[in-house]
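The values are calculated or read from the model by the stated rules, or taken from the named source; none is laboratory data. Because the structure is a prediction, the values reported are computed rather than measured. Using ideal geometry, Cβ is built from the backbone for each residue, glycine included, and neighbour counts are taken over all protein chains shown.
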Amino acid sequence: MNLRIQIKQHLKANRWQYTLISIIFLLGLILGNYKVIGLEGGVRSELLGLIDNYVQRDLQEAFTPQSIFWHAFFNQVKTVLAIWFLGLTVIGLPLILAVVFMRGFSLGFTGGFLLQEKAGTGVLICILSIFPHNIVYIPFLLVSAVLAINFSYFIIKGRNSSLLPLSKGLIMYSILMVLLLVVFLAGAFIEVYLSPWLLSLFFK
């Protein structure tokens, strides 16, 4: 079957799940952006200092150490593993939503802070340093959350259904999560190598 058709069928079959997850993520994004308004002066100054140090001094260093790449990747691994584990439980749904919400919140806070404090420069930093890898991370984070929700539901439903053995469902679920990690590996590469390189073209 054509991959595009499979994707369309998956999205159609999971419309309510993706709608719910997207709403939770957007809610986190909005609240994270709103939280910037309430920042105290000392915290605001410290965050500005960190951003300035990154742009002016640490930018070139981001190209060299492989440890930064693996650190970025393992941060994503921890998120996916947490979602995978929560999908194994019958009470994981609210916690999966919490993980998605916090991811949206942190992204909204970071973007909101840059836009508020750095104006036009903040827009440029967001486009070059935040957007490229998150265009990979976020969609597949939502996919992993939907897979986890579906498997959690499958555990409950599976007790009264013999269509698919629980063990086989677990294997399929785990394989899909591992495949998503491969995509997150590409996102980590963008985050560590491409984004700093794009920034270096404008901030030298």
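Scanning region 112-124 for residues that are surrounded by fewer than 15 Cβ atoms within 10 Å (Cβ to Cβ) and touching a residue at least 60 places away in the same chain (Cβ under 8 Å) returns a single hit, GLN116.
Being buried (at least 16 other Cβ atoms within 10 Å of the Cβ), touching a Lys or Arg at 6+ places or on another chain (Cβ under 6 Å) and not aliphatic (A, V, I, L, M) holds for only one residue in PHE109, PHE151, and it is PHE109.
Among the helices (runs of 4 or more DSSP H) confined to region 1-78, there are none with at least 3 residues that are modelled with pLDDT of 85 or more, of a type in the set (Asp, Glu) and crowded, with 17+ Cβ neighbours inside 10 Å.
Listed here are the residues, each with its yes/no results for (1) in a helix (DSSP H, G or I); (2) at pLDDT 80 or above.
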| position | (1), (2) |
| --- | --- |
| ALA82 | yes, yes |
| LEU86 | yes, yes |
| THR89 | no, yes |
| VAL100 | yes, yes |
| SER106 | yes, yes |
| PHE109 | yes, yes |
| LYS118 | yes, no |
| LEU124 | yes, no |
| PRO132 | yes, yes |
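For first residues located in region 173-196 and free of Cβ contacts under 8 Å to residues at least 60 places away in the same chain and at negative phi, partners that are part of a helix (DSSP H, G or I) and not basic (Lys, Arg) and lie 6+ apart or on another chain with Cβ distances below 7 Å form the pairs LEU176/LEU147; VAL183/VAL136; VAL183/PHE140; ALA186/VAL136; ILE190/PRO132; ILE190/HIS133; ILE190/VAL136.
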